[in-house]
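The values are calculated or read from the model by the stated rules, or taken from the named source; none is laboratory data. Just so it is clear, the structure is predicted and the values come from calculations on it, not from any experiment. Because the Cβ atoms are built from the backbone with ideal geometry, glycine has one as well, and the counts that use them run over all protein chains shown. Just so you know, the surface numbers come from the protein's heavy atoms only, side chains and all, with ligands and any DNA or RNA stripped out. Shrake-Rupley method; radii C 1.70, N 1.55, O 1.52, S 1.80 Å.
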Amino acid sequence: MSSTPPRGALRLTATLLTASVALYMALVAFGNITDFGTNQQFVQHVLAMDTTFKDDDLMWRAVTSKGLQDTAYVAIIVWETLAALVLIYGTWLWARQGDRSARRFSTYGLLMVMLLFGAGFIAIGGEWFAMWQSGDWNGLDAATRVFVFSGIVLIVNHLPAASDT
C-alpha cells in the first residue's frame, strides 16, 4: 500500500489550498485599494519608526518622506495584486488538471507571497525598521501566519502523487 496520496485527492487539495491563498491575497489587495488610508498609515508608521524605542543607533533607518512611504505602499499593493492574479491562474490550472503548469504558477504566486511577508514584512519591516518594538504598529504575528500558511501550501503543491512515484 502506497503512503503517497492518490493524484485526484492531491490535486483537489492543491487546488483548494492554492485558491485559499489566492482569495486571501485578492481580499488583501482589494481592501488596500478600496480602503487606501488604513494600511497607508500602518506603512507610514513602520517606515517612520515613530512608535519604536527611538534608539539613536537605529533611527537613522527611518524613512520620513511621505512620497517614499506612499511609493512603498503602492508597490506593496501592486505586488499583492500580481501575486493574487498568479495564484488565481495557478488555481485555474489545478482545476483543469494541468499539474505541471499548475505547480509552476502556484509556486511563483506562493513565492511572491512568501517574499512579501517574509522578506518584506518580517525581515525589512520587523528587523530593519524595528517594527517588533511597536505596540501599535506591529504586524509580525500576522505576517508570520501568512508566511507559514503559504509555505505549507507550497509544500503540498510539491508532494508527489501516487502515480508520480
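Numbers below:
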item: Segment 57-73: number of residues that are farther than 23 Å from L110 by Cβ, open to solvent by 30 Å² or more (accessible area, probe 1.4 Å) and in a helix (DSSP H, G or I); result: 8
item: Any hit, segment 90-100, residues being at pLDDT below 95, part of a helix (DSSP H, G or I) and open to solvent by less than 60 Å² (accessible area, probe 1.4 Å); result: yes
item: Condition met for V86 (without any contact (Cβ under 8 Å) to a residue 40 or more places away in the chain, under 19 Å from F30 (Cα atoms) and open to solvent by 60 Å² or more (accessible area, probe 1.4 Å)); result: no
item: Failed item in (1) over 16 Å from W137 (Cβ atoms); (2) open to solvent by less than 80 Å² (accessible area, probe 1.4 Å), with L23 passing the rest; result: (2)
item: Positions within segment 112-147 being acidic (D, E) and not in a helix (DSSP H, G or I), in sequence order; result: D136
item: Hey, A162 surrounded by 13 or more Cβ atoms within 10 Å (Cβ to Cβ), modelled with pLDDT under 95 and under 26 Å from L12 (Cα atoms) or not; result: yes
item: Pairs where the first residue, in segment 46-58, is without any contact (Cβ under 8 Å) to a residue 40 or more places away in the chain and the second is surrounded by 10 or more Cβ atoms within 10 Å (Cβ to Cβ), C-beta under 7 Å, 6+ apart; result: A48/A62; A48/V63; A48/T64
item: Counted residues, segment 105-129 - those being in contact (Cβ under 8 Å) with a residue 60 or more places away in the chain and open to solvent by 30 Å² or more (accessible area, probe 1.4 Å); result: 1
